[in-house]
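Please treat every number below as a calculation from the coordinates, not as lab data. A quick note: this is a predicted structure, and the numbers were derived from the prediction, not measured. So basically every Cβ, Gly included, is an ideal-geometry build from the backbone, and we count neighbours across all protein chains shown.
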Amino acid sequence: MDHPATLAWPDGSQDLTLQIKIHLGLWTNWSQGRVLGATLTMDRQQANFLIAFTASFVVFVGSRFWRIICLVLHQSYSTSESRDALHHQRQVLLRNSGSSDSGVVSHGFIHVRVSASLISDSQFKFIALFHAWRGSNLQAIIRTAPALLLAIFCTIAFTIAGGFSSQIQFGNDDIGSAVLIDGTNCGILSNITSFRDQVALEKVAARLFDTANNYVQQCYSANSTGVTDCKHFASQRLPGFMENMAPCPFKDSLCRSNSTNLYLDTGFLDSHADLGSNAPPDERMFLRHKLQCAPLLTKGRVSVHGNYTRYNYGPQYAVVGTASNFSKGHLDYTYEVENIDDQYVIMDNKLMAEQSYMLRPLFAGTANGIPGAEPSSTFVPDDELGRADADILIVFLSGHGVVFGEPLDDDWYRATVPFATAANIDEEDSLSVYRTSEAASPLGCASQWQFCSSNTSACGPMASYFDAISGAAEAFGATNSESTSKGAEAADRLDWLTIATYIDALSEASMLQQLQDNALLSKQNLFGGYQGSVPNNQWQLDVTNWFSITLAAMQTSLLQTTSGFMITDESTAVLRPQTEAARKLCSNQVCILRLGRLFSKLIVPKKIRTTRYSSFSLFGLLFTYMLGGLILAISYSLEPILACLHRRRKYRQYAYLEWMTNETLQLHRLAHEGVDGAIGGWSRCESWVPTTAPGVLLTSLDISDLKHPKLHSSKETTTLPSLDVTQTTSPPSDTLSSGGTDLEPSPSSVQHPQPSCDGTNLVTNIDPETPQISPPHTPLEASGQDVVHHFEPPSPLEETPCMNTSQSDRQIRPVQNLDPGIPGRVGSAPPRTHTTFTIFPKIPNSTKNR
């Protein structure tokens, strides 16, 4: 079924963050200072990528930092003296631990099975080492503990660092991220000269106060439903202080009570912290607003004229004359309204159809200490009501047909007069209802403002709006007789701030004129002209609500001015910043995405909060990546530096070669050399990857004992060119036979001799320049036990120390046998036949001795 093309309700395009142009890139959030406040704003997709990459980078840096620790520990533990298995196992683990978590878990459990998706087997090595040697002695535990504790520390530290890497994002919680609004289109409607511009201004004001009213009901109320997003503004709600037992703000004879009146005060609002005007400390403004209200007595001020009742608290301004020739005159009363009986008319046993409260605000602005002298005033208050230090607002409330189910002894509503009996047609029960006792009940308020520069020591007076602005300019040093550049700039900033926030003498009056009875909280319990139960201090709740709406309108107006919302398609009278300070602010308008802080310099950089964009600390990003880059550079340069020192300066040769040979592939080479001997022709023994000659096959794994797998021992004879093999039978002897007698090596001790230049056999140590395991230097007779020495035979391509040996043939040299019955001595084992291979390659004459 087809449906209309137009959506019946908004599709989300009313979201402020979709309508406002956001500044993407770098800017300074002065809340954090010049250095820490350097900020990078990105859209959500780019921000998510940056967060994920940074977290991965921190983890990678952590693994390289652990690599540095392993290298330092390995070098410090390295020694050429003989050490036990624990020492060498620790060295191997330090050499081959890829990350600290793999190092941590390497110290303890042996038979722990964990899913590979959670933890790899290599992570148990250090813990397994610690666990395996725990029963040996306390010294073994102490020797293992430092590496284990350092591994644990690195794992915890970099795990926390990985988590905190997301903190480089400002406001990465449900509040949203602070961003800066692009203030290119900032401007307001002003210089209204035509009816078209007046209509455009009224539309802007209507939208402003309706938005502010909705925001207050959701975000300033303790009973918020959570329907409205309250986290756009820099401050969800502006601070305010209340006293509901205040004295009368006028002459005592005018107030209904001298002790139960209302006093509201914002305290000093910071244009940066509270209103979101992103600016350095010396360019901030402070403002303060006070509102004191009290229900007024009507005795002696009421007169009836026909069907109307007049109230007189001072003459009302009125337009006198014709449309082509008019002037501003005075009426001899303040307000005129229908009589109370005309408001409550019963027709056919029914109340009049239109039943709702009616509000009428009247304003008297004070200029130069004269009440009512401000041009926008609508009446001139009398001496009892007027104040030289405040603007006066009087609000008349009419019941206009609204009935109450019970008497309401509120000083402003005053619904205590029985009116009628109400009942449903089908019900016998009836209910008495009440009406208001006055045709219009007056409520008087005194409004005051105060403005300060970057610190509260330079403040104007607490006065009416007009006098507060004038006094602040003098306090800033911006008057004609005493002008300074900073003072003039501060005055310009204040002027634009008050315009952009829609602050003027008419603040509460304009709001009430627009919202009418919607500004009353009591209307939330009003249905069909019947007022539900409300407390006896309902007027105080209503006035507090007005005060909150005025503050919310300031926040909203800042946002609309900065983003250009104030300028509509119908408007022609647009005011752009005229001063250098204002133009500078507008041209740099980058709004901080916290929907409440709209200014940074006057009107521009306004900060709001949003989750569609993310702002990052540039200092945090640079610190993370620079420190991480330094760690990476150190980790990747240490080994090349040690290699260079080893080659050129012979620096700590043993420690370096131990580091190289403890690597996995080098350990693999050493294992096969221990079994296969020289077979394979290994090369690159000082690098990470040793290699064999092409085509060489290494021995495989012997699994004949499933509980003790090992490499196959090489027992087969390998035939090589120019090789003589002799089988001999050697009798037992306590001395080495000369001539052609061979001696049998004992099964537990085999030594590979080298020919000396005089024809005798020598058992020598390994070349210290070659990274192979060296034999112990303890004589066999002193050791008290059989010692097995494994040597790599000389390669067929290597030179021998004896260059004068005959090259005509290779011969089998006798090797002394050790007595298995008495370790360390020449044995008396029974004679047996065996095959002994002692291979000495032929060396070309041209080859030089080592």
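Consider just the alpha-carbon atoms of the stretch 663-712 and return their Rg together with their Dmax, both in angstrom.
11.8, 34
Students often check this: by mean Cβ neighbours within 10 Å, which of 28-36, 252-260, 695-703, 209-217 ranks highest, and how do the rest follow?
Answer by packing, highest mean first, reads 209-217, 28-36, 252-260, 695-703.
Hey, fewest Cβ within 10 Å first, where do Met285, Met242, Met511 land in order?
In order of increasing Cβ crowding within 10 Å: Met242, Met511, Met285.
If I take every Cα pair under 8 Å that is 6 or more residues apart in the stretch 241-545, average their sequence separation and divide by the length, what percent do I get for the relative contact order?
The value is 17 percent.
Label Met626 and Ser56 with points 7 Å out from Cα along Cα→Cβ: what is the distance between them in nm?
About 2.5 nm separates the two model spin labels.
May I ask you to derive the relative contact order of the stretch 663-712, considering only C-alpha pairs under 8 Å and at least 6 residues apart, and to give it as an integer percent?
30 percent
Would you list Arg648, Arg67, Arg237 from fewest to most Cβ contacts within 10 Å?
Placing the least packed residue first, the sequence is Arg648, Arg237, Arg67.
Which of the three applies to the stretch 241-545, rounded, prolate or oblate, going by the alpha-carbon gyration tensor with a ≥ b ≥ c and a/c under 1.5 meaning rounded?
Judged from the Cα gyration tensor, the stretch 241-545 comes out prolate (a/c at least 1.5, a/b above b/c).
Provide the net charge surrounding Gly25, with neighbours chosen by a C-beta distance below 14 Å and charges set as Lys +1, Arg +1, Asp -1, Glu -1.
-1
Test of understanding: ordering Leu275, Leu201 by Cβ neighbours within 10 Å, fewest first, what list do you get?
Neighbour counts put them in this order, fewest first: Leu201, Leu275.
How much net charge surrounds Asp391 when only other residues with a Cβ under 15 Å from its Cβ are counted (Lys, Arg +1; Asp, Glu -1)?
Charge balance in the 15 Å sphere: -2.
Counting only other residues whose beta carbon sits under 12 Å from that of Asn339, what net charge do I get with K and R as +1, D and E as -1?
-4
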